[in-house]
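The values are calculated or read from the model by the stated rules, or taken from the named source; none is laboratory data. As the structure is a computational prediction, the values presented were derived from the model and not from experiment. We place every Cβ from the backbone using ideal geometry, glycine too, and count neighbours over all the protein chains shown. Calculation scope for accessible area: heavy atoms of the full protein, side chains included, ligands and nucleic acids excluded. Shrake-Rupley method; radii C 1.70, N 1.55, O 1.52, S 1.80 Å.
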Amino acid sequence: MNAMPHKIDDTRELHEDSLGESVLRHLIYSVGKDKAHADARDWNVALSLAVRDRMVEGWIDTTRRIYKNKQKRVYYLSMEFMIGRMLEDNLTNLGLLSEAKTFLKSQNLDVTTVINAEQDAALGNGGLGRLAACFMDSMATTGVAGMGYGIRYQHGIFRQAVEDGWQVEEPEDWLFAGNSWEFRRPEVVYEIGFGGHVTHDEDGKATWHPSESVQAVAFDMPIAGWEGDHVNTLRLWSARQSGMMNLDTFNDGDFMAAARQQVLAETISKVLYPGDHTPQGRELRLKQEVFFTSASLHDLLRRFFANYDNLDTLGDHVAVQLNDTHPAIAVPELIRILMDDHGYDFDHALKITRETLHYTNHTLLPEALEKWPRDLFEQILPRHLQIINMIDGAFYREAIEKGLDHHIIAGIQAIHPHQQDWVRMGNLAFIGSRKVNGVSALHTELMKQTVFHDLHTMYPDKIINQTNGVTPRRWLLECNPGLSDLVTEQIGDGWIDDLEQLKEIEPLATDADFQQRYMAVKAANKQRLADMVKTRTGVILNSDAIFDVQIKRIHEYKRQHMNILETIALYNAIKANPDGDWQPRVKIFAGKAAPSYFFAKLIIKLINDVAKVVNNDPDIGDKLKVVFLPNYNVSMAEILIPGADLSEQISTAGFEASGTGNMKFALNGALTIGTLDGANVEMLEHVDAENIFIFGMNADEVAERQHRRARPSEIIKTSPALQQVMTQIGDGTFSDGDTDRYRDFLSNVTEHDYFQVVPDFQSYWDMQRHLDALYGQSEKWAEKTILNTARMGWFSSDRTIRSYADQIWRAPHKTSGP
Ligand code: D6G
């Protein structure tokens, strides 16, 4: 073994060691253990470091290449990156997976145990954060000079425990054992200010004097694309007290006061805000947004100046994408830097900003469109508030020129001129960006008609659609090796970075032998899922049942409660006719509720209450089982999705912007039961109407009913099944006789039902029974399943990223295909 340190040059021949030798070297010299004492985590760290070594060369190559070629840079600013575990991703993309497995086996280690010893990096709440992670993978795969910027939260999303059926939040501590992938960059530090006041000199030049500041310190993770050639960076910022601990205070003996300052500063990157449309902890959240956005802008400008000396052309060389409004403070911050640090006048600074920034909208829910109290802004960001007023003034002049009337303009400025109480971040992001995109065709259309209607009239070319996608590496190749191997055997492995090649398996959809092999893979995946359910909940599943899965954040608009109402109705139907020819079914739920969202927590409790009754009812047996899996995360999804027969995508039409879970399921051969919402609409176009199971009202019908304020109780009266379900929930059938527990639930559903569970219930029920019957026709089911896999290629995030690169960023990338 060559123990000499490798000499870095530009070649790839730095690793004379085999991967195994390199792991053993790291076990001893980096982890400090011998084989006899190493546990699974030690091996995980040693293997990760050995893989990381191999990534670094490509990383340095990529960095040099991008600088040398002055390739246009793309910066993806996101409050969330839900990357999960990275070891398998990196092994796969570097083509080292089988070598690693062989080595681990040679050491008598269980591969899964070693891989699973890595903590999930759960630096996000849900889809938005996972999308950012898929985009990182696809930017690297398509050769975009991309960099992700976010926050290195010390605690990611809370760990969810379930006690007596209720969600209980526990702190999560993913960094406790260290993060093998990251590199601390202590030389990359920026001072981020808050508060204070602004002075102007006689020429009108402003200077902001913040009253407090924290330091943002960079931590980098390499992100390798498929085949490992192009390696981008995910740079996460960690907060640190500015300057050293106050030694005067310390020497005076007030250790606590000295330490308190430090703790306060570091709070900024302490915890991921578990927000799901319920703003809280306002000041800290706003500071988090400013913290990572400002640090990122400073960092990308520093890099810009390594190649160019003049910011006039910033937008030609740099594209910044704001993932939702969380980094929307970038608009006034970039203008501030241009004006106050680089001497630009306001108009020019605004112009450069509008050539550089782009904004992705992720929701139409009014409560989720961020707005901040103006007073809070003034207190924390006095200079930014001045600049926002200047932006509003410039915008006003533009709008008047374009013929808009005063009322309309007031409604779409960042700050309403007469009700000056809020800063509206969606409007600010829109006004300050070059392009604004929605995340599915329907959502983009609705953006134009609703939230951004007037802004769209004023800038008809600004809104553009970019339908989301998912990375085929994580969401097929890695999570479903059985199906990947089967597909590769048939059509080769070109699909891995050109997912539309999956079309080539279409002719096999009716081939008996292929159907049988495909369904054998599905059966094995169902068994893996059933084993996980047994380990985690003790419930034993019948793997001949339909595995019907709904996994996502718990929210009324996603309508887990409609699913559980249908479950109860099915339970009643089976009880009424226990000898009937029932198609066995397993209902699997998983997802977290925002800690302050009582109704969502009540839905979790109801699911668990129903599970207790149904699963212990001897009349029911294997015909129906209900499972709530605690602590849903990316790694759990990697087991649930390949093992699902049926994917629940049942949001109230018009409310789910896109969804990406829907894509992952269909790609892995689950059939979708869903509404005409988000990307389901485009999935329907791709897989064809016979292969996706759409029910319920469309977005127009939903909006019409909401306006009409139609009463749900009228419909319930006409549905004996639904009436029985409501009665049982109220009379304590599922709550040990407690008639109080679901009072709020019942009044929500029977009186307001804003998310239209009641009017959609019957068509949902009918479609479920149709699917029961279809499942009995195993060849037909298999055909549809295979066609779903074959036709989902368009939903690769590689396609999405190429489309962003062409239509928004104007940035070079590798084209797909050979
Ligand atoms: C990443 C990759 C590494 C590079 C470093 C600094 O960690 O190879 O040296 O970024 O790059 P700049 O931030 O100076 O571009």
Item to check | For the range 549-586 and the range 654-728, distance of Cα centres in Å | outcome: 15
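With only alpha-carbon atoms in the gyration tensor, what are the semi-axes of the equivalent ellipsoid for the chain, in Å, largest first? Don't jump to the answer; show the numbers that get you there.
Details: eigenvalues 356, 245, 141 Å².
Result for the chain: semi-axes of 42, 35, 27 Å.
Compute the accessible area per residue over the range 388-468, keeping the other protein chains in place, probe 1.4 Å, unit Å².
Values: 3250 Å² over 81 residues.
I get 40 Å² per residue for this part.
Of all beta bridges DSSP finds with both residues in the chain, what is the antiparallel percent, to the nearest 5?
On the way: 34 of 81 bridges.
That works out to approximately 40 percent antiparallel.
Of the listed pairs Lys72/Lys435; Lys552/Lys623; Lys270/Lys601, which have alpha-carbon separations greater than 19 Å here? Intermediate values should be presented prior to the final figure.
On the way: Lys72/Lys435 17 Å; Lys552/Lys623 25 Å; Lys270/Lys601 25 Å.
Cα-Cα > 19 Å for Lys552/Lys623; Lys270/Lys601; rest within.
Using 0.36 nm times the number of residues separating Glu690 and Ile464, minus their current alpha carbon distance, what extension gain do you get?
Stretched out fully, the Glu690 to Ile464 stretch lengthens by 78.4 nm.
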Item to check | 3J(HN,Hα) from dihedral phi, the range 193-198, Karplus parametrisation 6.51/-1.76/1.60, rounded to Hz, x for glycine, proline | outcome: x, 9, x, x, 9, 10
Checklist entry - Once the other residues with Cβ under 11 Å from the Cβ of Gly225 are scored (Lys, Arg +1; Asp, Glu -1), what is the net sum? => result -4
Checklist entry - How do 28-34, 449-455 rank on mean C-beta neighbours within 10 Å, highest first? => result 449-455, 28-34
Item to check | Other-chain or far-sequence residues with amide H under 5 Å of Gly148's (modelled H) | outcome: Tyr76, Thr233, Leu234, Arg235
Checklist outcome for this item: Note: probe point = Cα of Gln261 + 7 Å toward Cβ; backbone nitrogen < 15 Å; residues of the range 201-218 passing the test are 211-215
Checklist entry - Once amide H atoms are placed 1.01 Å from N in the peptide plane, what residues at a sequence separation of 5 or more from Ile546, or on another chain, have their amide H within under 5 Å of its amide H? => result Arg585, Val586
Checklist entry - How many angstrom separate the Cα center of the range 301-339 from the Cα center of the range 446-481? => result 23
Next on the checklist: Residue by residue through the range 212-220, what is 3J(HN,Hα) from phi via Karplus (6.51 cos²θ - 1.76 cosθ + 1.60, θ = phi - 60°)? Round to whole Hz and write x for glycine and proline.
Outcome noted: 9, 8, 10, 9, 9, 10, 7, 10, 10
Item to check | For the range 673-794, alpha-carbon Rg and Dmax in angstrom | outcome: 17.8, 51
Checklist outcome for this item: Sorted by chain and number, the residues with a modelled amide H under 5 Å from that of Arg159, at a separation of 5 or more or across chains, are Glu170, Glu172
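Taking all protein chains in place and a 1.4 Å probe, what share, in percent, of the accessible surface of the chain do carbon and sulfur account for?
Working: 15600 of 30860 Å².
Ligands and nucleic acids excluded, carbon and sulfur reach 51 percent.
Note the direction-averaged projected area, equal to a quarter of the hull surface, for the Cα convex hull of the range 462-521, in nm².
Numbers: hull surface 20.8 nm².
Computed as one quarter of the Cα hull surface, the answer is 5.2 nm².
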Checklist entry - Which part of the range 107-133 falls in the paramagnetic zone of Lys33, meaning amide N under 14 Å from the point 7 Å along Cα-to-beta-carbon? => result 109-110, 113-119
Item to check | Exposure of Trp59 as accessible area (Å², to 10), given a probe of 1.4 Å and all protein chains | outcome: 20
Item to check | Extension gain, Asn69 back to Asp254 (0.36 nm per residue minus Cα-Cα distance, nm) | outcome: 61.2 nm
Next on the checklist: Residue by residue through the range 341-349, what is 3J(HN,Hα) from phi via Karplus (6.51 cos²θ - 1.76 cosθ + 1.60, θ = phi - 60°)? Round to whole Hz and write x for glycine and proline.
Outcome noted: 9, 10, x, 6, 7, 4, 4, 5, 4
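Relative contact order for the chain: what is it in percent, counting Cα pairs under 8 Å that are at least 6 residues apart?
Details: 1475 pairs, mean separation 108.2, N = 818.
Once normalised by length, the contact order is 13 percent.
Sorting Glu445, Glu289, Glu370 by accessible area (1.4 Å probe), largest first, what list results?
Sorted descending by solvent-accessible area, the residues read Glu445, Glu370, Glu289.
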Next on the checklist: What are the extents of the Cα atoms of the range 318-468 along their three principal axes, in Å, largest first?
Outcome noted: 41, 36, 31
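What accessible area per residue comes out for the range 506-581, rounded to a whole number of Å², with a 1.4 Å probe?
For the range 506-581, the solvent-accessible area averages 38 Å² per residue.
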Checklist entry - Roughly how big is the chain's charge dipole about its Cα centre, with Cβ charges of +1 (Lys, Arg) and -1 (Asp, Glu), in debye to the nearest 20? => result 240
Item to check | Whichever lysines have a C-alpha closer than 22 Å to that of Lys101, once near sequence neighbours (fewer than 8 apart) are set aside | outcome: Lys33, Lys35
Checklist entry - In a solvent-free Debye calculation with one equal scatterer on each Cα, what is log10 I(q)/I(0) for the range 501-660 at q = 0.11, 0.12, 0.17 Å⁻¹, listed in the order of the q values? => result -0.49, -0.58, -1.08
Checklist entry - For the range 115-253, what is the accessible area per residue in Å², given a 1.4 Å probe and the full set of protein chains? => result 39
Next on the checklist: Using a 7 Å offset from Cα along Cα-Cβ at His342, what residues in the range 281-300 end up with backbone N under 18 Å from the label point?
Outcome noted: 293-300
